[in-house]
Every structure is written in C-alpha cells, then in structure tokens.
Amino acid sequence: MTATPAELAEASVWIVDLDGVLWLAGQPIGDVASAVQSLRSRGIWVVFATNNSAPTAGQLIGRLAKIGIEAASDDLVSSARVAASLLKPGERVHVLAEGGVLEALEERGVVVADAGIRDAAVVGWSRDFDFAALAAISTVARVTGRLIATNGDPTHPTPQGLMP
C-alpha cells in the first residue's frame, strides 16, 4: 500500500528503514539528517527500523548520531527486538546471532542456553558460524519445533554491491 501525499502530511509517525535508506555502509544517503529534522519539526515521531539484527540499540543510536540524527532507544524497532517479543521471559533458547539479538533476549528476560532443555532456536545475522553451529541450531529447531528467524533477506546492501 502506498500512502498519498495528503496521507503522509497528516501522519503522526513515520517508520524509516536504516540500511539502504538512511545510510549505506554507515554513510548517509543524501541529506537524511535534514529530512528527519524537517519531519520532527512538524511534530512527527520518526521511528527507525532495521531488519539487521546484529547491532545493539546503543550501536544503532551511535550510528545515527554519526550521520547527524539524534535518537533514543524508544525510537528504534529492530528484528532482534521483534524476535525477542515472540518469546516469554524465562524461556530457554539456543542462539545463532550477534549482539543485537543477545541484547534483546536479555532485555526480555529470555535465557540463552547452549545445552540442556531449550524452548526454541533463534537465528539472526551472524558473520561467525560454521557447520557445527548450523548443525546445533538446526537440531534445536527440529527438536523444539520453534525456529525464530530475524530476517529472511538473502542479501545486504554495501557500496561494493549486495553481500550475503
């Protein structure tokens, strides 16, 4: 669904993607800081969204600051946080992911467990895995019947082109 210009002008919240929209490999795309400031000056709450589950909230806030945009944790929506919301506090999970997922699970009160009884497998962006890690996470997913994946995108935009 595409919003009309009139609908956009009346919106009280804009959700703006990060990778490939506000920045590319940490470099701002156009004058995004001014665009965000313009929206905010009209009383519009700008929420920043990412399906990249690797960065923590603090890292995202730092990256936004680097391109001239002030943000707070409440201004962020990430696939890591959404994945964590699918779990109950106290549940035990096996994880194949980086810091953003680990942070979100901790904030939710979910226990990261590499052994013993687990309730689910959680997968996110990871640049550090091997066959053993893939075998372990797939075993937990098969045994529990619960695989929570943070992102189905097969590629990630970079200045050198799309990467896996």
Open item on the list: In the stretch 1-143, if the dipole is taken from +1 on Lys/Arg beta carbons and -1 on Asp/Glu beta carbons about the Cα centre, which of L87, L76, A141 is farthest to the positive end?
Closed with: A141
Task: Amide H within-cut-off set for W14, under 5 Å, with H built and near neighbours excluded - done: W45, V46, V47
Open item on the list: Please list 3J(HN,Hα) in residue order for the stretch 127-141, calculated via the Karplus relation 6.51 cos²θ - 1.76 cosθ + 1.60 where θ = phi - 60°; whole Hz, with x for glycine and proline.
Closed with: 9, 10, 8, 9, 4, 4, 5, 5, 5, 5, 5, 5, 5, 4, 4
TODO: Enumerate the amide H contacts of W23 below 5 Å, restricted to partners 5 or more residues apart or on another chain; note that Pro and chain-start residues carry no placed amide H.
DONE: I29
TODO: For the stretch 44-49, just list the computed ³J(HN,Hα) in residue order, Karplus coefficients 6.51, -1.76 and 1.60, θ = phi - 60°, integers in Hz, with x standing in for Gly and Pro.
DONE: 8, 7, 9, 9, 9, 10
Task: Alpha-carbon centroid distance for the pair the stretch 1-77 / the stretch 131-164, whole angstrom - done: 26 Å
- [ ] Please report, in debye to the nearest 20, how large the charge dipole of the stretch 113-164 is about its Cα centre when each Lys and Arg carries +1 at its beta carbon and each Asp and Glu carries -1 there.
- [x] 140 debye
Task: Size of electric dipole in the chain: Cβ of Lys, Arg +1 and of Asp, Glu -1, about Cα centre, debye, nearest 20 - done: 240 debye
Open item on the list: Output wanted: per-residue J couplings in Hz (rounded whole) for the stretch 58-75, from phi through Karplus 6.51 cos²θ - 1.76 cosθ + 1.60, θ = phi - 60°, x for Gly and Pro.
Closed with: x, 5, 5, 4, x, 5, 5, 4, 4, 9, x, 10, 7, 8, 10, 4, 5, 8
Open item on the list: Ignoring everything except DSSP H segments at least 4 long, calculate the 222 nm mean residue ellipticity for the chain; use -39,500 (n - 2.57) per segment, divide by total residues, nearest 500.
Closed with: -10000 deg cm²/dmol
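FYI, it's all coordinate maths here, none of it is from the lab. All of these numbers come straight from a predicted model, not from anything done at the bench. Because the Cβ atoms are built from the backbone with ideal geometry, glycine has one as well, and the counts that use them run over all protein chains shown.
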